[in-house]
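Below is one structure, written out as structure tokens, with a few remarks after it.
The values are calculated or read from the model by the stated rules, or taken from the named source; none is laboratory data. Since the model is a prediction, treat every value here as computed from it, not as a measurement. Here the Cβ is made from the backbone with ideal geometry for all residues, glycine too, and neighbour counts use every protein chain on show. For the accessible areas, the whole protein counts, side chains as well, though only heavy atoms, and no ligand, DNA or RNA atoms are used. Shrake-Rupley method; radii C 1.70, N 1.55, O 1.52, S 1.80 Å.
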Amino acid sequence: MTTMDNVRAAGREPLPANVKVWDPFVRIFHWSLVTLFAIAYLTGDEIERLHIWAGYAIAALLAIRIVWGFIGSENARFTSFVRSPRAVLTFLKQSTHLEAPRYLGHNPAGGAMVVALLLILSALCGTGIVMTTDAYATSKALEEVHEALANIMLVLIALHVLGVIVASVEHGENLVKSMVTGRKRPQ
């Protein structure tokens, strides 16, 4: 970045080295979810108690995150990153040519991924909770739906990681680090 790039047009003030993007709740939610999903997935058939505990913890985190999507910090709010399907498709097309604009918060594809992950996780938790009831504890059909949702999550996770890698390379920044520190460069 040149000196001129590092100067604001109004007032000629230097840009800060980085700015706060992700609040502590968003970061704790993200990494807790990563950990809890891994625990739930890996213990599904082996350690049922731990699997159920992780599932309930995920459900609680999801409930809080959905509320936070309406009342949380600017970049955590759904209104800041949920875009139209057209905007998502345009962004994805630009990204395939490594010409997508940089976003301080979630880009349109990242926002769509957040929504998809929240929806599938909600369905996964819902089927898991229902399977703990006497009426559905032995339902093979519900178990198959639950397992299919878990596998869909794996696909979404792989696409999410791929998107993070592409955006990190395209814009020359470490998005994983920003989800740890909560900070990114301003421009």
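Mind listing the long-range amide H neighbours of Arg183? Cut-off is under 5 Å, sequence gap 5 or more, other chains count too, H placed in the peptide plane at 1.01 Å from N.
For Arg183, whose amide H was placed from the backbone, the distant partners under 5 Å are Val21, Trp22.
Under a 1.4 Å probe, what is the accessible area of the stretch 29-127 per residue, stated in Å²?
Here the residues of the stretch 29-127 average 58 Å² of exposed surface.
Quick one: divide the alpha-carbon radius of gyration of the chain by 2.2 N^0.38 Å and tell me what you get.
Taking the Cα Rg and dividing by 2.2 N^0.38 Å, one obtains 1.20.
On the accessible surface of the stretch 97-187, probed at 1.4 Å, how many percent belong to carbon and sulfur atoms?
68 percent
List the residues of the stretch 20-63 whose backbone N lies under 16 Å from a point placed 7 Å from the Cα of Lys177 along the Cα-to-Cβ direction.
Label zone hits: 20-22.
How big, on average over all directions, is the shadow cast by the Cα convex hull of the stretch 27-66, in nm²?
Projected over every direction and averaged, the Cα hull of the stretch 27-66 covers 2.4 nm².
Considering only protein heavy atoms, what is the solvent-accessible area of His30 at a probe of 1.4 Å, reported in Å² to the nearest 10?
That residue has around 50 Å² of solvent-accessible surface.
Would you mind checking which residues have amide H under 5 Å from Ala100's amide H? H placed 1.01 Å from N; only 5 or more apart, or other chain.
Excluding prolines and chain starts, which carry no amide H, the hits are Ser95.
Could you work out [θ]222 nm for the chain from helices alone, using -39500 (n - 2.57) per DSSP H run of at least four and dividing by all its residues? Round to the nearest 500 deg cm²/dmol.
Only helices count here, giving -22000 deg cm²/dmol.
Across the stretch 160-165, in residue order, what do the Karplus-derived ³J(HN,Hα) couplings come to in whole Hz, using 6.51 cos²θ - 1.76 cosθ + 1.60 with θ = phi - 60° and x for Gly and Pro?
Calculated HN-Hα couplings, in order: 4, 4, 4, x, 5, 5 Hz.
Compute the angle between helix 24-43 and the longest alpha-carbon principal axis of the chain, please, reported from 0 to 90 degrees and rounded to the nearest 10.
Its long axis makes an angle of about 40 degrees.
Quick one: P(r) of the stretch 99-187 from all Cα-Cα pairs, 10 Å bins, percents rounded to integers, in order of increasing distance.
15, 37, 23, 16, 9, 1
Note down the nm distance, to one decimal, between modelled labels 7 Å out along Cα→Cβ at Leu142 and at Ile64.
2.7 nm
With a cut-off of 20 Å, note down the residues of the stretch 133-165 whose backbone N falls inside the zone around a label point 7 Å from the Cα of Trp53 toward its beta carbon.
Correct set: 133.
How far apart, in nm, are two points set 7 Å out from the Cα along the Cα-to-Cβ line at Val82 and at Asp134?
3.8 nm
Angle, helix 85-96 long axis vs. longest principal axis of the chain, Cα atoms, 0 to 90°, nearest 10?
Once rounded, one gets 70 degrees.
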